[in-house]
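Written below as structure tokens is the structure these notes are about.
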Amino acid sequence: MANQRTDSKGSGTVTVTLVKSPVGFKRNQLAVVRGMGLRRIRHTVELKDTPSTRGMIHKVRHLVTVKE
């Protein structure tokens, strides 16, 4: 009972849309965008809301928009 989460993070899904091209940015940022399943500008994917997904979004937050 000590480490149970009470907030909404970690449950549900988030919708991520690529709004800016990763060309010209670091290669690892391109790899993160591809790892999330985003292929082209204005492509939208629905991902599980987990800490690892949130970390990926944080790494490319200047290239994507997120809706919870």
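The values are calculated or read from the model by the stated rules, or taken from the named source; none is laboratory data. Remember, predicted model here, so these are calculated numbers, not experimental data. Don't worry about glycine lacking a Cβ; one is built from the backbone with ideal geometry, like all the others, and counts go over all protein chains shown. For the accessible areas, the whole protein counts, side chains as well, though only heavy atoms, and no ligand, DNA or RNA atoms are used. Shrake-Rupley method; radii C 1.70, N 1.55, O 1.52, S 1.80 Å.
A compact table of results
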read-out	value
Candidates Thr53, Thr65, Thr13 - the one that is touching a Ser or Thr at 6+ places or on another chain (Cβ under 8 Å), in contact (Cβ under 8 Å) with a residue 12 or more places away in the chain and at negative phi	Thr65
Unique match (being at pLDDT 95 or above, in a loop (DSSP other than H, G, I, E, B), surrounded by 12 or more Cβ atoms within 10 Å (Cβ to Cβ) and of a type outside the set (Phe, Trp, Tyr)) among Lys20, Lys9	Lys20
Extreme residue, farthest from Val64 (Cα to Cα), among residues of the range 26-53 that are open to solvent by less than 60 Å² (accessible area, probe 1.4 Å) and outside any helix (DSSP H, G or I)	Thr50
